[in-house]
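See structure below.
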């Protein structure tokens with residue numbers, strides 16, 4: 001780990017172990033850029049980069065990654081839940097901007113206290129808003145795009161302001177290209193009561209009670225053809241299998257947990273074993289680093305802030 005420095009635009013830059021930013025708790029070092037403004041983000045995106053939010057659904061190699069890693073901070077990690085009078089009507093409310101770096105669990109709790117619905121189904125997902133939007137995170141009780149009005153997305157060529165209708169989004173997919181960063185969103189919410197919102201959150205949360213509470217990236221594999229991947233792994237006799245510090249969770253076989261001291265190599269060994277022993281092809285739900293870089297150097301100048309379209 002090295003001392004922090006500042007980039008030309010004032011972003012804090014430091015070489016850090018990435019394990020501290022993931023829910024699994026594994027991963028080697030990289031150069032981390034903490035960006036708080038669009039200008040700093042443009043500079044950070046001027047060389048090959050990756051974007052790291054809440055660190056769920058992610059397994060990072062023990063040797064780290066060679067690209068710079070971007071973390072949204074400051075104003076890009078703040079929320080304005082005040083209804084916009086020009087966009088809200090009756091019980092249908094549209095908020096101010098919510099930064100991509102805002103933790104989703106805290107946002108959902110704040111909306112519940114305000115009696116605002118549409119994102120109840122995302123309760124318990126350990127993500128930041130930007131990453132949750134990028135993969136359209138959710139449960140069978142609802143997903144991120146249920147509560148989106150406007151998206152601001154950083155691309156290597158500048159900022160775009162879009163509506164959900166501009167994207168081909170669907171199940172666990174936003175349609176946003178890899179390497180594009182969700183910087184801010186406006187939420188589309190429905191006025192309700194704190195009690196009604198809490199009841200819906202409780203319903204969604206109850207469905208997660210069988211999931212392990214230890215360090216984990218979440219579900220390892222997508223359900224093939226409507227059949228539970230966890231059931232297939234369990235039927236293959238793999239529940240409770242351990243490699244090093246990594247374990248196929250006894251509570252739910254589609255989760256791999258870190259017992260303490262696990263490495264990415266341990267997790268990969270379990271993933272390979274599952275693929276070998278389960279009788280049908282399984283599509284990985286985790287994202288694996290390294291792999292292809294998420295973004296390359298911008299083709300246009302990044303010496304000044306992008307123009308931001310306001311809606």
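Each reported figure results from applying straightforward, stated rules to the coordinates on display, with no laboratory input. This is a predicted model, so every value here is computed, not measured. Cβ coordinates were reconstructed from backbone atoms using ideal geometry, including for glycine residues, and neighbour counts include every protein chain displayed.
Observations
- Efficiency of FRET between residue 178 and residue 91 - r from beta-carbon atoms, R0 45 angstrom, step 0.05: 0.75
- Spin-label model distance (nm) - residue 165 vs residue 275, 7 Å beyond Cα toward Cβ: 4.2 nm
- Averaging the Cα positions of each part gives two centres, and for the range 214-265 and the range 129-193 these lie 28 Å apart.
- Estimated distance in nm for a label pair at residue 222 and residue 206, the labels positioned 7 Å out from Cα along Cα-to-Cβ: 3.0 nm
- If R0 is taken as 51 Å, the Cβ-Cβ distance between residue 63 and residue 191 corresponds to a FRET efficiency of 0.55.
- Each residue, residue 1 and residue 284, gets one label point 7 Å from its Cα in the Cβ direction; the gap between the two is 2.8 nm.
- Anisotropy class of the chain from Cα gyration tensor, a/c 1.5 cut: oblate
- Considering helices alone, the calculated mean residue ellipticity of the chain at 222 nm is -5500 deg cm²/dmol, with DSSP H runs of length four and up weighted by -39500 (n - 2.57) and normalised per residue.
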